[in-house]
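All remarks here apply to the structure that follows.
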Amino acid sequence: MTRDPRYDVLFEPVQIGPKVARNRFYQPGHCNGMGRLRPRGHARMRGVKAEGGWAVINSEHCGIHPNAEMFPEVVLTLWDDRDIPILARACDEVHAHGALFGVQLAYSGGFLANRLSREVPVGPLARPVSEYDPVQARAMEKDDIRDLHRWWRAGVQRAMQAGVDIVNVSGQFTVAAFHFLSPRNRRTDEYGGSLENRARLLRELIEITREAAKGECAVTVRVIIDELIGPKGLQAHEDGKAMIEHLAELPDLWDVVVGTWEGDSATSRFAPENVHEPYFAFVKSVTTKPVVGVGRFTSPDTMASLIERGVLDMIGAVRPSIADPFLPKKIEAGRSDDIRECIGCNICVASHFHAVNLRCTQNPSAGEEWRRGWHPESIAAKGSGDAVLVVGAGPAGLEAARALGQRGYAVTLAEATQELGGRVSRESRLPGLAAWARVRDWRTSQLDKMPNVAVYRDSALDAADVRGFGARHVVLATGARWRGDGVGRAHNDPVPGSEAAEVYTPDDIMAGNLPDGPVVVFDDDHYYMANVLAELLRQAGREVTLVTPAAEIAAYTVNTLELERIARHLDELGVATITHHNLLAIAADHVLLGHVYTERERTIPAAAVVMVTARLPHDALYHDLKAEPAATERAGIASLTRIGDCLAPAAIVHATYAGHRYAQELDTEPSKRLFRHELPQLHPKRAEGSGHEV
Ligand code: ADP
Ligand code: SF4
């Protein structure tokens, strides 16, 4: 296939200071839970993106000194020369595939509590640190700023020793340069007050970087231009613009950000592709340097239009590059239809907060490139000529069938209903979740191209069907259903009254069976389902109260950057919320609630209850097949495996991973199924006489 000429513009080279980017695809820095802790994993993940055609790959936040550190968040450091090989490894993997590697140099002074180093934080202002540690930062004095200049210069020099092509000066929400820049800066010296003063530190860091780089590295800036908090913060068309005008020609490239991480990386539930264009559209009018912006871009048409309309010079993409590291190569090869589009769920962000390897709902190989040797595009050929039967076409079954088909197995995928996609199809019809259907659509489009995979709809299989099928391997991906009795984290036993007809499950609501109000939605699940259903019921005109034992509505969504938005959204919709309360009993016209920490009880009116607490696997077929092992063996079935929700209900990311893992591991030795665990290396030399490692 050949490239669509409409996208030629995306493959033009871009000059960035002394370096040339081979095309316009730019991956800004992003956290990945590997960084300094798992450097081999980090380096391979970056290298795979370079292989996939990205022209510029940036590291995540790379701290320069222990008096501004972010532990336990997993980021990079260049505190001393021993850090250099970690960065060098990523450089090498990226260079091996012809891309430029940038380090995102950052000084997060005063933002966090220095939990590891125990240094007193210093930042723009004497204020508590941003998280709730009982710690205040000291305001930077001139000596501190001079120290920062020195550390910064050393950081740049170390980055250059590591072999970076680009030093990216970070002005993001965690770093001091941005907090100086913000109108929230209340300093009264030459680093506060006027825009020129507030931008002084950023200017100094850019200038020091330029001096230290000596024209050998490009110097770029990634900075927030609008804080999305109105006049209290930077505003794109006010001081955000004035700031870029003020520093316009100083860096070799501007990478502009809108909002903090929550604002910049909104989920698809709350923001469409390219939502920030109105904020960054002005930037090219005030600088001649290349401009990068992000917007969860997955459509080549949108990308080409942004370049042709003169809005951006390079297409910034983090999440789309995680979901499909080969996005540029696919567009280049005229295979845009094969792009595995990001669904905007922010599970990748959650892996950062959990300090574990990057993971992605759409791309099961994310974070597994080094430790499991998985690749987003290629997979080992089949290990035998055996046929495989996959039962159930939800995300787990679809991914298993797709990856098995890619390996070359003869695969049959049987689905009970007319529609493929399982929960993804059902959930993508809920308010705000339409983009989740991409999990199904990418997989079905790939399956359509595989002559060795047969897909049967309307095929609910029982044990006799499975035995009669004649497949050597059977994988059950039959999913799960929501339970209605309230059992979950808070309840070991059914809630009294839960057997009543006016108790609904999410499956009932998704099937279009809506209760009359007032409705209580009991959320002991803590992710999206309860609040999305509350939204749906509210939109259908019901009075809705969401009750949860947790301290926050949708507590898990702090990890997907959605918590505040969900709370705001429910409030705007008029959904009442009650936290810290358990559902104790259900009566005909009310429910009894109990405070989770006290004996205090209260009743609220309710004509119906929606239980969002836990799910039960659809595993009857598995147990039927297991119940008669001799019959199963006679049928020639060598392995019977449950995956996804049928084994243990979890999020969609777990289902695609389970399906992929099954396919990767079929016909492999058990010893090959362990991931390679990265251990800290201890230097073999011992300090003379001390007996301690040095
Ligand atoms: P997962 O998230 O684990 O992929 P889902 O619930 O999304 O699970 O999908 C399970 C799919 O399996 C559903 O589409 C369901 O219709 C299908 N299914 C369940 N039982 C059978 C069966 N006995 N035969 C064929 N398909 C089944
Ligand atoms: Fe996109 Fe979700 Fe993957 Fe993140 S985890 S890259 S948001 S699909």
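The values are calculated or read from the model by the stated rules, or taken from the named source; none is laboratory data. These figures come from a predicted structure and were not determined experimentally. In this analysis, Cβ positions are derived from the backbone assuming ideal geometry, glycine residues included, and neighbour counts consider all displayed protein chains.
Structure notes:
- Only residues that are in contact with a His (Cβ under 7 Å, 6 or more places away or on another chain) and in a helix (DSSP H, G or I) were counted in segment 198-212, giving 2.
- Restricted to segment 382-394, and to residues there that are more than 12 Å from residue 639 (Cβ to Cβ) and in contact with a helix residue (DSSP H, G or I) (Cβ under 6 Å, 6 or more places away or on another chain), the residue that is surrounded by the fewest Cβ atoms within 10 Å (Cβ to Cβ) is 382.
- Residue within segment 211-218 that is of a type in the set (A, V, I, L, M), buried (at least 24 other Cβ atoms within 10 Å of the Cβ) and in contact (Cβ under 8 Å) with a residue 12 or more places away in the chain present: yes
- Counted residues, segment 620-676 - those being within 16 Å of ligand 2 (Cβ to nearest atom), touching a residue at least 24 places away in the same chain (Cβ under 8 Å) and among the aliphatic types (A, V, I, L, M): 5
- Residue in segment 354-373 that is surrounded by the most Cβ atoms within 10 Å (Cβ to Cβ), counting only those that are more than 9 Å from ligand 2 (Cβ to nearest atom) and charged (D, E, K, R): 369
- With a requirement of 1 or more residues that are within 24 Å of the chain's Cα centre (by Cα) and under 28 Å from residue 264 (Cα atoms), the helices (runs of 4 or more DSSP H) lying completely within segment 484-587 that satisfy it span 529-539, 563-573.
- In this structure, residue 420 does satisfy being within 8 Å of ligand 1 (Cβ to nearest atom), at pLDDT 95 or above and not in a strand (DSSP E or B).
- Segment 624-653, residues that are outside any loop (DSSP other than H, G, I, E, B), more than 9 Å from ligand 1 (Cβ to nearest atom) and acidic (Asp, Glu): 624, 633
- Residue match in segment 384-393 (condition: modelled with pLDDT of 95 or more, in a loop (DSSP other than H, G, I, E, B) and within 16 Å of ligand 1 (Cβ to nearest atom)): yes
- One residue from 351, 428, 336, 378 being within 16 Å of ligand 2 (Cβ to nearest atom), under 30 Å from residue 90 (Cβ atoms) and not acidic (Asp, Glu): 351
- As for segment 234-247, it holds at least one residue that is in contact with a Pro (Cβ under 7 Å, 6 or more places away or on another chain) and either more than 15 Å from residue 310 (Cα to Cα) or within 16 Å of ligand 1 (Cβ to nearest atom) (or both).
- Among the candidates 335, 440, 423, residue that is surrounded by fewer than 24 Cβ atoms within 10 Å (Cβ to Cβ) and in contact (Cβ under 8 Å) with a residue 60 or more places away in the chain: 335
- Among (1) of a type outside the set (D, E, K, R); (2) at pLDDT 95 or above; (3) under 24 Å from the mean Cα position of the chain (by Cα) - the single one residue 261 does not satisfy: (2)
- Exclusive hit being without any contact (Cβ under 8 Å) to a residue 60 or more places away in the chain, assigned to a helix (DSSP H, G or I) and among the acidic types (Asp, Glu), set 93, 69: 93
- When residue 374 is tested against the conditions (1) in a helix (DSSP H, G or I); (2) more than 14 Å from ligand 1 (Cβ to nearest atom), the lone failure is (1).
- Any hit, segment 92-107, residues being of a type in the set (S, T, N, Q), closer than 19 Å to residue 222 by Cα and in contact with a Leu (Cβ under 9 Å, 6 or more places away or on another chain): yes
Yes or no, residue by residue, for (1) crowded, with 18+ Cβ neighbours inside 10 Å; (2) touching a strand residue (DSSP E or B) at 6+ places or on another chain (Cβ under 8 Å):
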| site | (1), (2) |
| --- | --- |
| 25 | yes, yes |
| 33 | yes, no |
| 36 | yes, yes |
| 55 | yes, yes |
| 63 | yes, yes |
| 72 | no, no |
| 82 | no, no |
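- Subset of segment 654-679 that is hydrophobic (A, V, I, L, M, F, W, C) and more than 10 Å from ligand 1 (Cβ to nearest atom) - its residue that is farthest from residue 380 (Cα to Cα): 679
- Filtered residue count, segment 650-674, keeping only those that are surrounded by fewer than 20 Cβ atoms within 10 Å (Cβ to Cβ) and more than 17 Å from residue 359 (Cβ to Cβ): 9
- Candidate set: segment 136-162, residues that are charged (D, E, K, R) and within 11 Å of residue 124 (Cβ to Cβ); chosen: the one nearest to the chain's Cα centre (by Cα): 138
- Residues that are surrounded by 20 or more Cβ atoms within 10 Å (Cβ to Cβ) and in contact (Cβ under 8 Å) with a residue 40 or more places away in the chain, drawn from segment 111-124: 111, 112, 114, 121, 122, 123, 124
- Of all residues in segment 407-431, those satisfying the criterion of being in contact with a strand residue (DSSP E or B) (Cβ under 9 Å, 6 or more places away or on another chain) and of a type outside the set (Asp, Glu) are 409, 410, 411, 412, 413, 414, 416, 420, 423.
- Here residue 672 meets each of (1) modelled with pLDDT under 75; (2) not in a loop (DSSP other than H, G, I, E, B) with one exception, condition (1).
- Taking first residues from segment 339-352 that are closer than 12 Å to residue 367 by Cβ and partners that are more than 16 Å from ligand 1 (Cβ to nearest atom) and among the small types (Gly, Ala, Ser), the Cβ contacts under 8 Å between residues at least 6 apart in sequence or on separate chains come to 348/366; 351/33; 351/367; 352/33.
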